[in-house]
(Lines give C-alpha, C1' and ligand atoms only; values in the text may rest on other atoms or scores of the structure.)
Protein backbone atom coordinates (compact mmCIF):
# COMPACT_ATOMS: atom_id res chain seq x y z
CA UNK A 1 0.00 0.00 0.00
CA UNK A 2 1.47 3.39 -0.97
CA UNK A 3 2.36 5.75 1.84
CA UNK A 4 0.04 8.72 2.19
CA UNK A 5 1.56 12.07 3.08
CA UNK A 6 -0.24 14.72 5.04
CA UNK A 7 -1.15 17.77 2.98
CA UNK A 8 0.32 21.09 4.19
CA UNK A 9 -2.96 22.44 5.52
CA UNK A 10 -2.79 26.09 6.55
CA UNK A 11 -4.07 26.56 10.08
CA UNK A 12 -4.05 29.05 12.89
CA UNK A 13 -4.95 28.88 16.55
CA UNK A 14 -8.06 30.60 17.85
CA UNK A 15 -7.08 32.61 20.89
CA UNK A 16 -9.56 32.95 23.65
CA UNK A 17 -11.88 30.25 22.31
CA UNK A 18 -14.02 29.20 25.24
CA UNK A 19 -15.17 25.72 26.12
CA UNK A 20 -18.53 25.21 24.45
CA UNK A 21 -21.73 24.21 26.19
CA UNK A 22 -22.34 20.56 25.39
CA UNK A 23 -26.13 20.86 25.73
CA UNK A 24 -27.89 19.88 22.52
CA UNK A 25 -24.78 18.58 20.81
CA UNK A 26 -25.29 14.89 21.52
CA UNK A 27 -28.37 14.60 19.30
CA UNK A 28 -26.55 16.38 16.48
CA UNK A 29 -23.62 13.99 16.82
CA UNK A 30 -25.97 11.00 16.77
CA UNK A 31 -27.65 12.28 13.59
CA UNK A 32 -24.22 12.92 12.06
CA UNK A 33 -22.94 9.42 12.86
CA UNK A 34 -26.18 7.82 11.69
CA UNK A 35 -26.08 9.71 8.39
CA UNK A 36 -22.45 8.73 7.84
CA UNK A 37 -23.24 5.07 8.46
CA UNK A 38 -26.12 5.15 5.98
CA UNK A 39 -24.09 6.67 3.13
CA UNK A 40 -22.95 4.60 0.16
CA UNK A 41 -19.43 3.37 0.91
CA UNK A 42 -18.46 4.08 -2.71
CA UNK A 43 -19.31 7.77 -2.39
CA UNK A 44 -16.47 10.29 -2.11
CA UNK A 45 -15.58 10.76 1.59
CA UNK A 46 -15.91 14.55 1.37
CA UNK A 47 -19.40 14.21 -0.14
CA UNK A 48 -20.39 11.85 2.66
CA UNK A 49 -19.20 14.34 5.27
CA UNK A 50 -21.09 17.21 3.63
CA UNK A 51 -24.34 15.25 3.31
CA UNK A 52 -24.06 14.02 6.89
CA UNK A 53 -23.48 17.56 8.18
CA UNK A 54 -26.69 18.61 6.43
CA UNK A 55 -28.61 15.82 8.16
CA UNK A 56 -27.11 16.61 11.56
CA UNK A 57 -27.81 20.35 11.42
CA UNK A 58 -31.06 20.39 9.41
CA UNK A 59 -29.53 22.28 6.51
CA UNK A 60 -30.61 22.22 2.88
CA UNK A 61 -27.02 22.33 1.63
CA UNK A 62 -23.44 22.23 2.85
CA UNK A 63 -19.95 22.90 1.57
CA UNK A 64 -16.54 22.05 2.98
CA UNK A 65 -13.52 24.22 2.22
CA UNK A 66 -9.96 23.91 3.50
CA UNK A 67 -6.99 26.27 3.49
CA UNK A 68 -3.91 24.75 1.88
CA UNK A 69 -0.47 26.33 1.96
CA UNK A 70 0.67 27.67 -1.46
CA UNK A 71 -2.75 26.86 -2.92
CA UNK A 72 -5.27 28.90 -0.95
CA UNK A 73 -8.86 28.04 -0.18
CA UNK A 74 -10.04 24.84 -1.86
CA UNK A 75 -13.59 23.53 -2.06
CA UNK A 76 -13.73 19.82 -1.22
CA UNK A 77 -17.46 19.34 -1.70
CA UNK A 78 -20.75 21.19 -2.19
CA UNK A 79 -23.99 19.28 -1.81
CA UNK A 80 -26.17 21.72 -3.79
CA UNK A 81 -25.68 24.17 -6.63
CA UNK A 82 -26.78 27.06 -4.41
CA UNK A 83 -24.00 26.54 -1.87
CA UNK A 84 -21.54 25.85 -4.69
CA UNK A 85 -22.41 29.18 -6.35
CA UNK A 86 -22.03 30.87 -2.97
CA UNK A 87 -18.49 29.54 -2.52
CA UNK A 88 -17.45 30.19 -6.12
CA UNK A 89 -18.76 33.76 -6.04
CA UNK A 90 -16.66 34.49 -2.96
CA UNK A 91 -13.58 33.20 -4.81
CA UNK A 92 -14.28 35.61 -7.66
CA UNK A 93 -15.07 38.58 -5.37
CA UNK A 94 -12.23 37.81 -2.96
CA UNK A 95 -14.47 38.47 0.05
CA UNK A 96 -17.36 37.02 1.97
CA UNK A 97 -18.46 35.06 5.04
CA UNK A 98 -16.29 32.00 4.35
CA UNK A 99 -13.17 34.16 4.01
CA UNK A 100 -13.91 36.03 7.25
CA UNK A 101 -14.81 32.84 9.12
CA UNK A 102 -11.54 31.22 8.08
CA UNK A 103 -9.48 34.25 9.10
CA UNK A 104 -11.17 34.97 12.45
CA UNK A 105 -12.12 31.45 13.51
CA UNK A 106 -15.63 32.65 14.31
CA UNK A 107 -18.99 31.70 12.75
CA UNK A 108 -20.57 34.14 10.32
CA UNK A 109 -24.22 34.27 9.21
CA UNK A 110 -25.28 35.99 5.99
CA UNK A 111 -28.54 36.44 4.12
CA UNK A 112 -28.46 38.22 0.73
CA UNK A 113 -32.01 39.49 1.22
CA UNK A 114 -31.02 41.34 4.40
CA UNK A 115 -27.55 42.48 3.34
CA UNK A 116 -26.96 46.26 3.30
CA UNK A 117 -23.78 45.88 1.24
CA UNK A 118 -21.45 47.55 3.74
CA UNK A 119 -19.39 44.54 4.81
CA UNK A 120 -18.86 42.77 1.46
CA UNK A 121 -19.85 45.24 -1.28
CA UNK A 122 -18.70 43.14 -4.23
CA UNK A 123 -20.44 40.03 -2.93
CA UNK A 124 -23.62 41.98 -2.23
CA UNK A 125 -23.65 43.45 -5.73
CA UNK A 126 -23.05 40.09 -7.39
CA UNK A 127 -25.40 37.98 -5.25
CA UNK A 128 -28.66 38.72 -7.15
CA UNK A 129 -27.11 37.72 -10.46
CA UNK A 130 -25.92 34.45 -8.93
CA UNK A 131 -29.45 33.71 -7.67
CA UNK A 132 -28.36 33.47 -4.03
CA UNK A 133 -31.11 33.47 -1.44
CA UNK A 134 -31.90 32.13 2.00
CA UNK A 135 -29.45 32.00 4.90
CA UNK A 136 -25.79 30.95 4.80
CA UNK A 137 -23.96 30.00 7.97
CA UNK A 138 -20.19 29.54 7.90
CA UNK A 139 -18.68 27.64 10.84
CA UNK A 140 -14.91 27.21 11.35
CA UNK A 141 -13.55 23.67 11.45
CA UNK A 142 -11.17 23.87 14.38
CA UNK A 143 -10.28 20.48 15.82
CA UNK A 144 -7.98 21.03 18.80
CA UNK A 145 -8.76 24.77 18.45
CA UNK A 146 -6.84 24.96 15.16
CA UNK A 147 -8.75 26.36 12.17
CA UNK A 148 -8.15 24.24 9.07
CA UNK A 149 -11.15 25.29 7.01
CA UNK A 150 -14.84 26.10 7.01
CA UNK A 151 -18.12 24.17 7.01
CA UNK A 152 -20.74 26.23 5.18
CA UNK A 153 -24.42 25.51 5.79
CA UNK A 154 -27.39 26.81 3.80
CA UNK A 155 -31.13 27.01 4.35
CA UNK A 156 -33.34 27.94 1.41
CA UNK A 157 -35.96 29.60 3.62
CA UNK A 158 -35.86 30.90 7.16
CA UNK A 159 -33.26 30.76 9.88
CA UNK A 160 -31.32 27.85 11.32
CA UNK A 161 -32.89 26.19 14.34
CA UNK A 162 -29.65 24.51 15.40
CA UNK A 163 -27.80 25.96 18.39
CA UNK A 164 -24.31 27.35 17.62
CA UNK A 165 -22.55 24.87 19.97
CA UNK A 166 -24.03 21.92 18.07
CA UNK A 167 -22.96 23.39 14.73
CA UNK A 168 -19.45 23.93 16.07
CA UNK A 169 -19.18 20.36 17.31
CA UNK A 170 -20.23 19.00 13.90
CA UNK A 171 -17.81 21.33 12.09
CA UNK A 172 -15.01 20.17 14.40
CA UNK A 173 -15.96 16.54 13.76
CA UNK A 174 -15.72 17.11 10.01
CA UNK A 175 -12.35 18.81 10.47
CA UNK A 176 -11.07 15.97 12.63
CA UNK A 177 -12.13 13.43 10.00
CA UNK A 178 -10.19 15.34 7.35
CA UNK A 179 -7.05 15.46 9.49
CA UNK A 180 -7.31 11.76 10.37
CA UNK A 181 -7.64 10.66 6.74
CA UNK A 182 -5.53 12.62 4.19
CA UNK A 183 -7.22 10.50 1.53
CA UNK A 184 -10.27 12.73 1.91
CA UNK A 185 -8.14 15.50 0.42
CA UNK A 186 -5.87 13.44 -1.81
CA UNK A 187 -8.67 11.43 -3.39
CA UNK A 188 -7.98 9.57 -6.59
CA UNK A 189 -11.67 8.98 -7.16
CA UNK A 190 -11.95 11.58 -9.94
CA UNK A 191 -10.56 9.38 -12.69
CA UNK A 192 -9.01 11.18 -15.61
CA UNK A 193 -8.23 14.26 -13.56
CA UNK A 194 -4.80 15.77 -12.96
CA UNK A 195 -2.48 13.75 -10.79
CA UNK A 196 -1.06 16.03 -8.11
CA UNK A 197 -3.02 17.89 -5.46
CA UNK A 198 -1.70 21.26 -6.62
CA UNK A 199 -2.80 20.56 -10.19
CA UNK A 200 -6.23 19.44 -9.04
CA UNK A 201 -6.54 22.60 -6.98
CA UNK A 202 -5.77 24.81 -10.00
CA UNK A 203 -8.28 22.98 -12.16
CA UNK A 204 -10.84 23.31 -9.37
CA UNK A 205 -10.16 27.04 -9.07
CA UNK A 206 -10.62 27.51 -12.81
CA UNK A 207 -13.79 25.43 -12.74
CA UNK A 208 -15.17 27.63 -9.98
CA UNK A 209 -14.43 30.76 -11.98
CA UNK A 210 -16.31 29.35 -14.99
CA UNK A 211 -19.23 28.42 -12.72
CA UNK A 212 -19.40 32.03 -11.52
CA UNK A 213 -18.97 33.45 -15.03
CA UNK A 214 -21.68 31.37 -16.71
CA UNK A 215 -23.83 30.19 -13.77
CA UNK A 216 -23.52 26.56 -14.80
CA UNK A 217 -22.87 23.44 -12.75
CA UNK A 218 -19.33 22.46 -11.85
CA UNK A 219 -19.56 19.37 -14.10
CA UNK A 220 -20.57 21.53 -17.08
CA UNK A 221 -17.81 24.04 -16.29
CA UNK A 222 -15.20 21.28 -16.15
CA UNK A 223 -16.51 19.87 -19.44
CA UNK A 224 -16.04 23.29 -21.05
CA UNK A 225 -12.45 23.47 -19.80
CA UNK A 226 -11.73 20.00 -21.18
CA UNK A 227 -13.32 20.91 -24.52
CA UNK A 228 -11.18 24.03 -24.79
CA UNK A 229 -8.06 21.99 -23.99
CA UNK A 230 -9.01 19.43 -26.68
CA UNK A 231 -9.57 22.09 -29.34
CA UNK A 232 -6.29 23.81 -28.52
CA UNK A 233 -4.46 20.48 -28.22
CA UNK A 234 -3.03 21.45 -24.85
CA UNK A 235 -3.24 19.98 -21.36
CA UNK A 236 -6.21 20.77 -19.13
CA UNK A 237 -3.84 22.40 -16.64
CA UNK A 238 -2.76 24.90 -19.33
CA UNK A 239 -6.34 26.03 -19.94
CA UNK A 240 -6.97 26.20 -16.19
CA UNK A 241 -3.97 28.49 -15.82
CA UNK A 242 -5.24 30.75 -18.61
CA UNK A 243 -8.61 31.06 -16.87
CA UNK A 244 -7.04 31.81 -13.50
CA UNK A 245 -4.76 34.45 -15.04
CA UNK A 246 -7.84 35.83 -16.88
CA UNK A 247 -6.38 35.22 -20.31
CA UNK A 248 -9.60 33.31 -21.02
CA UNK A 249 -13.00 34.66 -19.97
CA UNK A 250 -15.92 32.35 -20.71
CA UNK A 251 -18.42 35.11 -19.91
CA UNK A 252 -17.21 37.08 -22.94
CA UNK A 253 -18.55 36.26 -26.38
CA UNK A 254 -17.32 32.82 -27.48
CA UNK A 255 -14.99 32.67 -24.46
CA UNK A 256 -12.66 35.51 -25.38
CA UNK A 257 -9.03 34.51 -25.35
CA UNK A 258 -5.90 36.62 -25.33
CA UNK A 259 -2.61 35.69 -26.92
CA UNK A 260 -1.01 32.53 -25.54
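For every residue, the table says whether it meets (1) in a strand (DSSP E or B); (2) surrounded by 18 or more Cβ atoms within 10 Å (Cβ to Cβ); (3) without any contact (Cβ under 8 Å) to a residue 60 or more places away in the chain; (4) assigned by TED's automatic domain parsing to the domain that holds residue 74.
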site: 133; (1), (2), (3), (4): no, no, yes, yes
site: 140; (1), (2), (3), (4): yes, yes, no, yes
site: 151; (1), (2), (3), (4): yes, yes, no, yes
site: 158; (1), (2), (3), (4): no, no, yes, yes
site: 162; (1), (2), (3), (4): no, yes, no, yes
site: 171; (1), (2), (3), (4): no, yes, no, yes
site: 175; (1), (2), (3), (4): no, yes, yes, yes
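Of these, 194, 165, 182, which one is modelled with pLDDT of 90 or more and more than 16 Å from the chain's Cα centre (by Cα)? Break it down stepwise before answering.
Working: 194 fails: modelled with pLDDT of 90 or more; 182 fails: modelled with pLDDT of 90 or more.
Checking each option against the conditions leaves just 165.
Out of segment 215-253, which residues are surrounded by fewer than 12 Cβ atoms within 10 Å (Cβ to Cβ) and either in the same structural domain as residue 75 (by TED's automatic domain parsing) or touching a strand residue (DSSP E or B) at 6+ places or on another chain (Cβ under 8 Å) (or both)?
none
Restricting to segment 116-131, count the residues that are farther than 22 Å from residue 217 by Cβ and either crowded, with 19+ Cβ neighbours inside 10 Å or under 20 Å from the mean Cα position of the chain (by Cα) (or both).
Qualifying residue count for the region: 3.
Matching residues to (1) within 18 Å of residue 64 (Cβ to Cβ); (2) more than 22 Å from the chain's Cα centre (by Cα); (3) at pLDDT 90 or above:
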residue: 6; (1), (2), (3): yes, no, no
residue: 19; (1), (2), (3): no, yes, no
residue: 32; (1), (2), (3): yes, no, yes
residue: 37; (1), (2), (3): no, yes, yes
residue: 47; (1), (2), (3): yes, no, yes
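Anything in segment 72-92 that is within 24 Å of residue 246 (Cα to Cα) and surrounded by fewer than 19 Cβ atoms within 10 Å (Cβ to Cβ)? List them, or say none.
72, 81, 92
Does segment 73-93 include one or more residues that are without any contact (Cβ under 8 Å) to a residue 60 or more places away in the chain, over 12 Å from the mean Cα position of the chain (by Cα) and not assigned by TED's automatic domain parsing to the domain that holds residue 208?
Among the residues of segment 73-93, at least one is without any contact (Cβ under 8 Å) to a residue 60 or more places away in the chain, over 12 Å from the mean Cα position of the chain (by Cα) and not assigned by TED's automatic domain parsing to the domain that holds residue 208, which makes the answer yes.
The values are calculated or read from the model by the stated rules, or taken from the named source; none is laboratory data. The structure presented is a predicted model; accordingly, all values stated were derived computationally and were not measured. Methodologically, a virtual Cβ is constructed for each residue, glycine included, from the backbone with ideal geometry; neighbour enumeration extends over all protein chains shown.
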